[in-house]
């Protein structure tokens, strides 16, 4: 009888092991925690991104923690937020980085500890990023150049107003723009200024620049706040019709200026899609449903006075509250 | 001990069959359970979808009706007014008191704004009005509902609105006009955003042509990064449509132009659940099978060990009957009753073997003795002496008689080796014997035969009477002084034959009577009465045989009883 007793014990043990195993598999279906850190949280662009992220968070049952610094130059604050996320042991970090280089060390550390890193909108100089999602910034710069050439008349004397040179997306856009403009013999880059990502400061610096360089008849600028600042500047000096302005993103005030003619074209990104896809990728990566893959490009649309009220453009241009 | 080829062990068979049965039953049940669960989950998922969509459709329909009603109220508020100011005040009031009304317009047929109320907002100059579309307005039945769009005519804001309008005749205007109300869409939008089917499912609104009116993720859709094949869906009728891994539930609003589509994912709602159920079920199944296999093995051990022991004991018994000693050891009732039957059988076999041995020995002895009797030297010598003497005395007739009797005696003794002979032969044998003995014991006794004629053809053991007569002559009459008488009676009593030998001789004591039946004849000449008794019992059973009654100095009666036999049983000895 000893042998059968041994067998009985073996049976009981295997039953216990099995129930444990079953319990363990359930852990796989625990809710994933995702931290989303953007450049700031108060622009229309990032508000849309957050709306998209929320939509995906509900769909994939992800706990979304959203934060960003007050100013879009404050990379140190971003690093603090990244560190907090690492300490909280989140499953993934979605980041739109202020500084291309200064956050790399921390993000690599996060990646090494098993946190999936997804970059949206503005990239970092790291090869441990699992997924990149965002505008093809170089192409967007090219688009800006193309529409500016169309909208402007004759030979253009162009001013470039760009924000923090350490932020990747702005630099790429400028590069795309310049590479396209160079091919056009009649267009000259007259002036390039660097401004902080702030409406009022941009306006003042732009007015200053225009006063110093009265020949400028075209301005390009690459993000939401600088667009508003440039628009304000051109309006204030009363040269809406004289200066062709191409800007980025779809702040309500910018749309108004577009309708009024102060701004001639807006390169509108799709932050909602970035936010949505960012969270979706974060979920897919952290549940192991797929591995890292190539950058997902979200389309940018060139919106002008002519097409701004088209059905499709409406949906991309005007956010819901 | 022969081993048959391809024998199966009981334990293995038991384990395999019970394990197999368990496995089959559990798998069948599991399969049934899982497919039932799947069906139930599927139908409840579909029902859930249908309900959510139905609810959403009702809510949106109610909202729509509400908007139409609001429009009517506004129209009735201004239809009888005659003055422009009054109209303006009314419009301002209506648009001011209601948060969800973004603006009220009165258009002429061309779309020019005749009056508007927008809670104090001012119109931008020169803006085309997205809330007016000549084609749509002209072709509408009664109510015009425009798909959600931004309102672009007021400075500083671009709210998403839904325009509800209709043609009407107002007192103030000479011709018919359109009265249109722009309702805020954001609340309806967030209602649709918040509709959940399961965890990942959602709803969206499309029109009959398959164009999307509102989708919670419309920005992702229009960016091309998510697909929603609304065209394909528009061809489906209202109801629930399960596709590969998605369930579409569709309902058209009562007022007809919009359709609510609910999208839910079966993988989430069903497959994951099923996966979990399946893994639990199979874990249980596996455990159950192990358990049942274990129990099987245990029980078959318990069962088969005593059976194997029994089988081993039987084999042992076969090899050596004498020395076999059976120990019973089993706790299973079926096996122990088998064991005890076996033990009993062993005992019975031993008894039978002993009995047969004894009988064999007895019969062999008889044959031996018969053979010997047939050539009993003393009897022969004496008889031949008598015959010689008779011849010398020239008593030819007596000699002839003696010789004849002797011949008959030996012939019947031999009887060609048969044990059972007709009674007539046995009587003749006895008569021959008495003839010879009466010459020898001249004038010492007389004899008489009383024989029932009807039994002569029946059979009896040979050499039954002769030993008894011998006993009667030597012990009974040989000791008498007077003339003795021997009477032999052969008769039938019901189903038995009874031989009876009476003499009036010396008689025997009780002990002598008993010892005759028990004692073997010590001298090797002739068959004793015990032998006759034994043979009768061997052939016919213990209820037959020899009885002796005797009284000293009076006489002895020896009774022989055996059944009526008409045919000899097969004597292959």
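If contacts are Cα pairs under 8 angstrom and at least 6 residues apart, what is the relative contact order of chain A in percent?
On the way: 642 pairs, mean separation 63.1, N = 321.
20 percent.
For the protein assembly as shown, what proportion of DSSP beta bridges, expressed in % and rounded to the nearest 5, is antiparallel? Bridges in the protein assembly as shown that DSSP calls antiparallel: roughly 65 percent. With R₀ set to 30 Å, the beta-carbon distance separating residue A:242 from residue B:89 gives a calculated FRET efficiency near 0.10. Taking packing as the residue-averaged number of other Cβ atoms within 10 angstrom, the listed peptides A:216-223, A:61-68, B:103-110 run from highest to lowest as A:216-223, B:103-110, A:61-68. Based on DSSP H segments of at least four residues, each scored -39500 (n - 2.57), chain B has a per-residue ellipticity at 222 nm of -17000 deg cm²/dmol. With 0.36 nm allotted per residue and the present C-alpha distance subtracted, the residue B:483-residue B:33 stretch has 151.0 nm of extension available. Our analysis of region B:95-254 gives Rg over Rh at 1.03, with the two radii drawn from alpha carbon positions and Rh computed by the Kirkwood formula. Beta-bridge orientation, chain A: approximately 10 percent antiparallel, per DSSP, counting only bridges with both partners inside.
Taking neighbour Cβ counts within 10 Å as the exposure measure, how do A:201, A:299 sort from fewest upward? Don't skip to the answer; put the middle values down first.
Working: A:201 14, A:299 17.
Least to most surrounded, the residues fall as A:201, A:299.
Only Cα pairs under 8 Å and 6+ residues apart enter the sum, and on that basis the relative contact order of chain B stands at 10 percent. Take the alpha carbon atoms of region B:129-175, find their center, do the same for region A:102-123, and report the distance between the two centers in whole angstrom. Region B:129-175 and region A:102-123 have Cα centres separated by 50 Å.
Note on residue B:380/residue B:493: beta-carbon distance plugged into 1/(1 + (r/R0)^6) with R0 of 25 Å gives a FRET efficiency of 0.10.
Based on other C-beta atoms within 10 Å, arrange A:41, B:464, B:454 from fewest to most.
Lowest to highest Cβ neighbour count: B:454, A:41, B:464.
In this simple spin-label model, placing a label point 7 Å from the Cα along the Cα-to-Cβ direction at both residue B:347 and residue A:312 gives a separation of 10.6 nm. Taking label positions 7 Å along the Cα-Cβ direction at both residue B:365 and residue A:102, the computed distance is 13.1 nm, reported to one decimal.
Using the alpha-carbon positions of region B:359-563, Rg (one decimal) and Dmax (whole number) come out as 16.5, 51 Å.
In the frame of its principal axes, region B:258-363 has Cα extents of 118, 23, 21 Å, reported largest first. What FRET efficiency do you get for residue B:450 and residue B:21 if R0 is 56 Å and r is their Cβ-Cβ distance, rounded to the nearest 0.05? Computed FRET efficiency for residue B:450 and residue B:21 comes out at 0.10.
Computed from Cα atoms, the angle from the helix B:423-440 axis to the main principal axis of chain B rounds to 30 degrees.
For the residue pair residue B:358 and residue B:280, what label-to-label distance in nm results when each label sits 7 Å from Cα along the Cα-to-beta-carbon direction? Modelled inter-label distance: 7.7 nm.
Report D for the protein assembly as shown in µm² per second (integer): Stokes-Einstein, Kirkwood Rh on Cα pairs, 25 °C, 0.890 mPa s. Don't jump to the answer; show the numbers that get you there.
Working: Rh = 39.8 Å.
Rounded to a whole number, D works out at 62 µm²/s.
D by Stokes-Einstein for chain A, Kirkwood Rh over Cα pairs, 10 °C, 1.306 mPa s: 75 µm²/s.
Against the longest alpha carbon principal axis of chain B, how many degrees, from 0 to 90 and to the nearest 10, is the axis of helix B:272-319 turned? Helix B:272-319 sits roughly 10 degrees off the main axis of chain B. By how many degrees, between 0 and 90 and to the nearest 10, does the Cα long axis of helix B:377-392 differ from the longest principal axis of chain B? Tilt of helix B:377-392: around 40 degrees. Size descriptor for region B:189-267, Kirkwood hydrodynamic radius: 12.7 Å (Cα pairs only, one decimal).
From the mean inverse distance of alpha carbon pairs (Kirkwood) and the Cα radius of gyration, derive Rg over Rh for region B:1-103. Show your work: numbers first, answer last.
Details: Rg = 37.7 Å, Rh = 21.4 Å.
In region B:1-103, Rg relative to Rh is 1.77.
Legend: translational diffusion of chain B by Stokes-Einstein, Rh = Kirkwood radius over C-alpha pairs, 4 °C, 1.567 mPa s; D = 35 µm²/s. Annotation: extensible slack from residue B:336 through residue B:63 equals 89.7 nm (criterion: 0.36 nm per residue apart, minus Cα-Cα distance).
Given an 8 Å cut-off on Cα distances and at least 6 residues of separation, report the relative contact order of region B:189-267 as a percent.
On the way: 128 pairs, mean separation 25.2, N = 79.
Reported relative contact order: 32 percent.
Ordering B:482, B:207 by the number of other Cβ atoms within 10 Å of each residue's own Cβ, fewest first, gives B:482, B:207.
Extension gain, residue B:517 to residue B:564: 0.36 nm times the residue separation minus the Cα-Cα distance gives 14.6 nm. Please report the spacing between the Cα centers of region B:290-309 and region B:394-431 in Å, no decimals. What the calculation gives is 74 Å, centre to centre.
Quick note: the coordinates plus some simple rules give every number you see, no bench work behind them. Nothing here was measured: the structure is a model prediction, and the numbers come from that model. Neighbour counts are summed over all protein chains in view; Cβ atoms, including those assigned to glycine, are modelled from backbone coordinates with ideal geometry.
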